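Chemist: To start, I am sharing the structure in question, which I have written as structure tokens.
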Amino acid sequence: MVGVAAGVRRTAWWRGRIRTARDAVFDYPGSLLTCLLGGYLIARIAVLRSSTLKVWPDAFSYAYRDSPLWDRGPLVSFTGHAPRLWGVPLLYALFHNDWRRVEAQWAISTVAWALLACALWTCLRGTAAKAVASGAVLSFALLTLVTEWDFTIMSESLSISLGVVVVACFLLWLRTGARIALVALTAAAFYWTFVRAELRLFVVVLGAVLVFLAWRRRDLRRWAVGAAAALAVAVGWCTAIMPNVLGTFSGYTATHLSANSDVLMFRLGNTWGINITIYGDPRLQHVYEDELGMPKCPAAAEYARTRPKDFFGLLDRFNSCPELHAWADRNGDAPVSFALAAPDQAARVVWNVAPRAFGGIDNYGLYGDAKRFFPKRIDRLMFHPSRKGLAALFGSLLLALVAAWATGAFRRRRLLTVTAVVLTITALVSEVAGVLYLDIEASRYAVQENFAIRIALLMLAVAALDAFVERRHERRAQRSAPPEPAVTEPEVAVPTPRHPADPSSLPELAGAGTSGGAQGAS
């Protein structure tokens, strides 16, 4: 009998869960989200069926080409003996051709943006704000400068998708308290660390947030500490194997240099039209040679000044200076040192590159051959690589911050607003460091920061909208409420004596006197 009763309870529990899920999907306002997700999925499938793959030269460092000319060694190594971190090559190794790889990262991207739409829907209260937030996210995921990354063999698609999953799971975890959301957050962030090395900054900030939550909230402490420890392992692991990755990368470049030396070679001359040209600017040459300790190489300096466009000629002079070569292997990527030594030059570089970095398009155009879903003017409205586009983006971000403050969203929707602010600050710091590291292909190397700023802008805007609508409803409810009846205490009659000397005016005293007189007469 006990077993039968337990089985009945389990069946009733599952039926209740199914009924609740059905109501959430098909009843208003949940049916609105269901329609948005259905339309989004149809649109994404249409983009997949009408787009084509674009393969860039560095694809062979991510996926095997089935050619002895391009397959130069293992691409997946958990100890760093591969040209890239193992995150993207491991995904690509599961599939035998490029189109299957494209379909895989398209599927991950589709799920990631849908998950973020559901997370924002859960975090907001008003139907209007829910619909605006989810619809905006799903529409953003259909822009050409978002879908293009799914149709090329590089790391950007997975980097974007896992970052979106991390934000969505973080919001769901703190909004609902579901441990499965924290587990998914930790797994996505752990894998994300090994997609691109610069993503360690985002993971470190996420780990610090988890530690803060463990300190402030006792109910989250155990699980938050475990997640933070797992992310610390990921960052430490990635940092430990990066020297091996940078060294192995030399076998996959045209220069046959390590990644650090390769970066410095781009900066020595003006062969690629970048902003940092060491031998083309006496001020920069002084900073690198006299303040950062770069060894002098007169042959390379003279050649760069006389023939600035001859990259391989400059490479020969660079290789003839072993001290410069050794210094570049150790210090070729020194954005922090450069910024501290020459803050004016660092600011100039960031200022010049920012329109392309946040505009989504650089000199290479689109990296993937994705079919446009929206008209071109919509894409240009959202992504415009110009000073006006940059001013519009950060002006909108400032207005969203002011609106969130004015409507009380920082108090009413603290999860969304604080997450947006932390995400914005982290993205800006990462963007500046990335530009100072290498300022070519700005839209590619800054893509996760670019999208993070726009996601934060949306979160602030919808939080302000939701708080504004909520405050308006509260004021209307207060005005329409009937006035409460006044509560008055009943009056108590206090007898007033006619004369203080007349005892009959006080009943108690009069009665007492009569009683005493009767007793005396008796």
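We did not get these values from a lab; they are worked out from the coordinates using the rules stated. Only a predicted model underlies this, so the values are computations on that prediction, with no experimental measurement involved. Virtual Cβ from ideal backbone geometry, glycine too; neighbours counted across all protein chains shown.
Chemist: Report, please, the projected area of region 32-110 averaged over directions, based on the convex hull of its C-alpha atoms, in nm².
Modeler: Details: hull surface 25.8 nm².
Reported value for the Cα convex hull: 6.4 nm².
Chemist: Return the lysines within reach of LYS54: Cα separation strictly under 16 angstrom, same-chain partners fewer than 8 residues apart disregarded; answer none if there are no such residues.
Modeler: In chain and number order, the partners are LYS371.
Chemist: Kirkwood hydrodynamic radius (Cα pairs, Å) of region 157-245?
Modeler: The Cα-based Kirkwood calculation yields 13.1 Å.
Chemist: Hey, got the dipole for region 345-398? About the Cα centre, +1 on K and R Cβ, -1 on D and E Cβ, debye to the nearest 20?
Modeler: So the dipole magnitude of region 345-398 works out to roughly 200 debye.
Chemist: What's the ranking of 31-40, 49-58, 224-233 by average number of surrounding C-beta atoms within 10 Å, highest first?
Modeler: 224-233, 31-40, 49-58
Chemist: Alpha carbon centre of region 417-442 versus region 445-472: separation in Å?
Modeler: Centre-to-centre distance over Cα atoms comes out at 16 Å.
Chemist: What number results when the radius of gyration of region 60-153, computed over Cα atoms, is divided by 2.2 N^0.38 Å?
Modeler: On the way: Rg = 17.9 Å, N = 94, 2.2 N^0.38 = 12.4 Å.
Relative to the 2.2 N^0.38 Å estimate, region 60-153 comes out at 1.45.
Chemist: Excluding HIS256 itself, what net charge comes from residues whose Cβ is under 13 Å from its Cβ, given Lys and Arg +1 and Asp and Glu -1?
Modeler: Taking every Cβ under 13 Å from that of HIS256, the sum is -2.
Chemist: I'd like the distance between the alpha-carbon centres of region 210-269 and region 46-82, rounded to an integer number of Å.
Modeler: 21 Å
Chemist: Let me ask something additional. Between TRP56 and ALA341, what length in nm is gained on full extension when 0.36 nm per residue of separation is reduced by their alpha carbon distance? Please list the in-between numbers first.
Modeler: Details: separation 285, 0.36 × 285 = 102.60 nm, distance 3.55 nm.
Working it through step by step, the gained length comes to 99.0 nm.
Chemist: Next up: Considering only C-alpha atoms, what is the centroid distance from region 159-177 to region 359-386, in Å?
Modeler: Measuring centre to centre over Cα atoms gives 26 Å.
Chemist: When the convex hull of the C-alpha atoms of region 105-213 is computed, what volume per residue in Å³ does it have? Walk me through the numbers before you get to the answer.
Modeler: Details: hull volume 10.7 nm³, N = 109.
It is 99 Å³ per residue.
Chemist: Any chance you could list P(r) for region 214-344, counting all Cα-Cα pairs in 5 angstrom bins from zero, rounded to whole %?
Modeler: Calculated P(r), rounded to whole percents: 2, 10, 17, 18, 15, 10, 7, 6, 5, 5, 4, 2, 1, 0.
Chemist: Calculate I(q)/I(0) for region 155-197 by the Debye formula, one identical point scatterer on each C-alpha and no solvent, and give its log10 at q = 0.18 Å⁻¹ to two decimals.
Modeler: Result of the Debye calculation: -0.46.
Chemist: Would you please report the Å³ per residue occupied by the convex hull of the alpha carbon atoms in region 41-85?
Modeler: Spelled out: Cα convex hull of region 41-85, divided by residues, is 108 Å³.
Chemist: Another one. Can you order the peptides 127-138, 421-432, 156-167 by their average number of other Cβ atoms within 10 Å per residue, highest first?
Modeler: Answer by packing, highest mean first, reads 156-167, 127-138, 421-432.
Chemist: Right, something else. Using only the C-alpha atoms of region 207-262, find the volume of their convex hull and express it per residue in Å³. Can you show the working numbers first?
Modeler: Numbers: hull volume 4.3 nm³, N = 56.
Each residue corresponds to 76 Å³ of Cα convex hull volume.
Chemist: Got a sec? Charge dipole of region 283-389, +1 on Cβ for Lys and Arg, -1 for Asp and Glu; which of ALA341, PHE373, PRO295 is way out at the positive end?
Modeler: Checking the options against the dipole of region 283-389, the answer is PHE373.
Chemist: Check cross-link reach from LYS309 to the lysines: straight Cα distance under 27 Å, and skip same-chain residues fewer than eight apart.
Modeler: Reachable lysines: LYS296.
Chemist: Still on this structure, please answer the following. About the Cα centre of region 321-470, what is the dipole size in debye to 20, counting +1 per Lys and Arg Cβ and -1 per Asp and Glu Cβ, all else neutral?
Modeler: Using Cβ point charges on Lys, Arg, Asp and Glu, region 321-470 gives about 800 debye.
Chemist: Per Stokes-Einstein, at 25 °C and 0.890 mPa s, what whole-number D in µm² s⁻¹ belongs to region 361-462, with the Kirkwood radius over Cα pairs as the hydrodynamic radius?
Modeler: 164 µm²/s
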